[in-house]
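Below: the structure, in C-alpha cells.
The values are calculated or read from the model by the stated rules, or taken from the named source; none is laboratory data. Since this is a predicted model, take the numbers as computed values, not measurements. As a convention, Cβ positions derive from the backbone with ideal geometry for all residues, glycine included, and neighbour counts pool all protein chains shown. Remember, those area values only see protein heavy atoms, side chains included, never the ligands or the DNA or RNA. Shrake-Rupley method; radii C 1.70, N 1.55, O 1.52, S 1.80 Å.
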Amino acid sequence: MNAGPPLRILVVEDHAPLRAQIVALLAGAVWRVEEASDGRLGLQLALQQPPDVLVLDLGLPGLDGLQICQRLREQADRYVPVLMLTARDSLDDKRLGFGAGADDYLLKPFAGEELLWRCLALSRRGELGRSPLLQRGPLQIDRRSGEVCYEGQVLPLPRQAYRLLLALAEAWPRTLSRSELQLALWIDEPPESDALRSHLYTLRQGLGSAHSLIKTVHSVGLRLDVGP
Ligand code: CA
C-alpha cells in the first residue's frame, strides 16, 4: 500500500487507556506512532517534526485541541491533516473544531477500523498540492524519480545518501539531529552510529562541488545550507 517510509502519526490524547488503545491499533498498520498526553507537548512535537496525520483529542491539559489546531495552522511549516477526537457531539462543537482547522471529526466511542480508514484518507490529503519537485536553492530533488540535480546537473546518489539529502531538504531550514537522520535512513531499527557517518561521507562525495551544502551544526546535527 505504501512503498515509501512508514507514515508518521502523532496521537495527542490525555486518557491513557484510550491513547494506548489507539497507539496499539495504528502501530499494527502502516504507521510509525508518536504520542503525547499533554497539549503543550503535543503542539511542540507536531511543530518540531510535522506528522503525516495528527489525531487530536479536544479536551486536554495544557492546551486544548482547538488551541493546538489553531497554532499548528499558524506556525507549522507544512500542512498537517488533523483528525479531531471528541465525545462532544453538538453541532456547535463541530463548528468550532472545523473552524480551528480540523480536517475531520470522529466521535468517541468509535470503531478502531474507522479510525484507521480516516487516518489513511487524511494522509493522502497531506500529499495534495505537494509537488514531487523540491527546490532548495541550486538543488532540485524529484521525489518521484529520486533524481537529484545541482545547478542543472544530475548527481547520481546511492539510496541511503539520497534519503539523507531528502530528509535534510524536506526539513530545511531546520537542523536535523543525528537521531532524526538515523530515523530517515532506517526508520525502525537504527544501526550503529558509524553507519550514519559512512552514509554521510558517501553523500558528501556524491555531491562533489556541492558538498558544502551539508553543514554541521556543532552539537546539534546537520542542516542544508542553501541561503537564509
Ligand atoms: Ca481528553
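Structure notes:
- Per-residue SASA entry for GLU13, accessible area with 1.4 Å probe, Å² rounded to 10: 0
- Given +1 at the Cβ of Lys and Arg, -1 at the Cβ of Asp and Glu and no other charges, the dipole of region 8-128 around its Cα centre is 200 debye to the nearest 20.
- Mean shadow area of region 95-157 over all directions, Cα convex hull, nm²: 6.9
- Hydrodynamic radius of region 133-224 per Kirkwood, over alpha carbon pairs, in Å: 13.1
- Once the Cβ-Cβ distance of TYR201 and ALA111 is raised to the sixth power relative to R0 = 41 Å, the FRET efficiency obtained is 0.25.
- Protein accessible area in region 8-128, 1.4 Å probe - carbon and sulfur %: 52
- Rolling a 1.4 Å probe over the protein chains gives TRP172 an accessible area of about 70 Å².
- Remark: relative contact order (the chain) = 13 percent; criterion is Cα-Cα distance under 8 angstrom and separation of 6 or more residues.
- Scattering profile of the chain at q = 0.13 Å⁻¹ [log10 I(q)/I(0), Debye over alpha-carbon scatterers]: -0.81
- Net charge dipole size for the chain [Lys, Arg +1 and Asp, Glu -1 on Cβ; Debye, nearest 20]: 600
- log10 of Debye I(q)/I(0), alpha-carbon scatterers only, for region 8-128 at 0.22 Å⁻¹: -1.37
- Candidates ARG71, ARG40, ARG95, ranked by Gaussian network fluctuation over the chain, Cα under 10 Å, top entry: ARG95
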